[in-house]
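The values are calculated or read from the model by the stated rules, or taken from the named source; none is laboratory data. The structure displayed is predicted, hence computed values, not measured ones. No Cβ is skipped: glycine too gets one built from the backbone with ideal geometry, and neighbour counts run over all protein chains shown.
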Amino acid sequence: MRVTQCVYPNFAFILAKFPEAISLNNGKALTKTECYHYIHCIFSNGVICLLIKAIEAHHDPRQLAFCSNFHKVIIKRRAEAKNNMVDFEEILAKALRQDKLTKEEIVRLLKTREKDRVNSLFRTAGELRARYFADKVFIYGFLYISTYCRNNCRFCFYRSENENSLRYRKTEEEVIEAAVGLAGPGIHLVDLTMGEDPYYFCGNEGFEMLARLVERVKETVELPVMVSPGVVPERVLERLAAAGADWYACYQETHNLSLFKKLRPGQNYEARLHTKRLAHKFGLLTEEGVLAGVGESPEDMAESIIVMDSLKADQVRAMNFVPRKGTPMERDITDDPLREMVCIAVMRLTLPDRLIPASLDVAGLSGLEKRLAAGANVVTSLVPPDRGLAGVAQSYLDIDENKRSIASVLSVLANCGLRAASKNDYTTWMSRRQKAISEAGC
Ligand code: SAM
Ligand code: MD0
Ligand code: SF4
């Protein structure tokens, strides 16, 4: 029997997948007709199954030899795929037992893209989230109090060299009013974020203004406060803690030193990392974060997760890089929309008891459900509308439409079978964590 109809349309793709097969044909590339005659591909579950029907009917010895060798390659590939599947399930089971994953295992998980496996990964992440947090999610308000910055991070819209960036510095009163507007029922924390604004970064006087602002926000809203001021001197960190800050957020973006230097030119990797260790010393909880899609490899991402662990970071995040106008990376393509979700899930498997944000700042409200489904347990970047306040990765998205609001978030949570935690749940979690950090002496 001769195969007359063989319907795989994209044979070039098959050839790309099977370079061995081509070389088995005495180094001679197959013609399209030969391919159609010999190969009928069916892709299922990411395992490539090949039916080489009717091959035996060919009497050309060269073709037969090729077919039989090709068949061996296929069998080998199938066996490998099967083993990989076993490994993958074993890694998930290991994570559920909370045995520490190796770097290779983390890399394996980070490479997951096949649909069924992604679903298993997310299911496992959801199970681990439920083990520590039940169906309760924390919700953070976000105030970008000044977008002036002395730094020139390549990815950031607010880098000093971006003349077309949105620049503002809110006054103390404006910040207080916005914080009051934000801090309604359902909000667990207010995050005060800024560029390294020379107005505040100008010696003691500037930092003192910042500390007083933190004090006033804390007194007024009576909620935990996170500060994200960039890298500040040790004494300033101590002062911010004394002023009532509960959290210090500062993201490395990557733990690959050469990539760091490219992303944050002129900045000191070690100093940035060390500030987070100091923050723990002063009783602040810390957040570490990475960017996804800035040229990092899965190995780099795995390394970042390992560093997050070694830092004992209390909150850990990954955000897809959003190309911003007027920056050197404005045309860098972010081609893998699953990357952030997979990172969130893998962080949950590796650091199951930590807080992991689903930020509204990357894909807005419509991206929230996916991030929660991947195992996040904090919704961040709620921004009050009509106050001229910006987001970071997305300056305007969903803000004046009032979609970065508590009502919108609560309705998404309900769709996901989740709910907002109580204020008490959050402060209890924080106290427990602060106690553990101070006992660990780090
Ligand atoms: N200036 C302070 C600093 O850099 O630490 C505080 C601002 S911090 C909250 C800004 C963070 O937002 C960066 O560390 C980065 O992780 C994220 N970010 C900035 N621009 C982004 C972009 N274009 N896409 C995704 N994330 C971005
Ligand atoms: C967010 N836009 O939560 C904020 C920001 C800074 N601590 C956080 C990146 O997504
Ligand atoms: Fe400045 Fe922070 Fe933007 Fe870097 S990421 S340019 S430090 S605001």
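Before moving on, here are some points about what is shown:
- Close pairs from segment 182-199: first over 16 Å from ARG167 (Cα atoms), partner outside any strand (DSSP E or B) and among the aromatic types (Phe, Trp, Tyr), Cβ under 9 Å, at least 6 apart: HIS188/TYR426; LEU189/TYR426
- Within segment 223-245, residues that are under 24 Å from THR427 (Cα atoms) and assigned by TED's automatic domain parsing to the domain that holds PHE201 have Cβ atoms under 8 Å from residues that are away from ligand 1 (no atom under 14 Å from the Cβ) and of a type in the set (Asp, Glu) in these pairs: PRO224/ASP246; VAL225/ASP246; MET226/ASP246; ARG239/GLU208; ALA243/GLU215; GLY244/GLU215; GLY244/GLU219, counting only partners at least 6 apart in sequence or on another chain.
- Considered as a group, the residues in segment 384-409 that are away from ligand 3 (no atom under 16 Å from the Cβ) and either in contact with a strand residue (DSSP E or B) (Cβ under 6 Å, 6 or more places away or on another chain) or modelled with pLDDT under 95 (or both) include one that is farthest from GLU196 (Cα to Cα), and that residue is VAL409.
- Scanning segment 350-370 for residues that are touching a residue at least 12 places away in the same chain (Cβ under 8 Å) and small (Gly, Ala, Ser), we see that the one that is farthest from ASP191 (Cα to Cα) is ALA363.
- Leading residue by the ranking (nearest to ALA292 (Cα to Cα)) among those in segment 135-184 that are surrounded by fewer than 19 Cβ atoms within 10 Å (Cβ to Cβ) and either within 13 Å of ligand 2 (Cβ to nearest atom) or among the polar types (S, T, N, Q) (or both): ASN152
- Any hit, segment 311-326, residues being of a type in the set (Lys, Arg), within 16 Å of ligand 2 (Cβ to nearest atom) and surrounded by fewer than 19 Cβ atoms within 10 Å (Cβ to Cβ): no
- Qualifying residue in segment 209-218 (condition: farther than 19 Å from GLU288 by Cα, within 16 Å of ligand 3 (Cβ to nearest atom) and assigned by TED's automatic domain parsing to the domain that holds VAL409): yes
- Within segment 247-294, considering residues that are basic (Lys, Arg) and surrounded by 15 or more Cβ atoms within 10 Å (Cβ to Cβ), the one nearest to CYS156 (Cα to Cα): ARG264
- Matching residues, segment 387-442, being without any contact (Cβ under 8 Å) to a residue 24 or more places away in the chain and aliphatic (A, V, I, L, M): ILE399, ALA407, ALA414, ALA436
- Residue list for segment 373-391, restricted to those being in contact with a helix residue (DSSP H, G or I) (Cβ under 6 Å, 6 or more places away or on another chain) and over 21 Å from GLU177 (Cβ atoms): ALA373, ALA374, GLY375, ALA376, ASN377, VAL379
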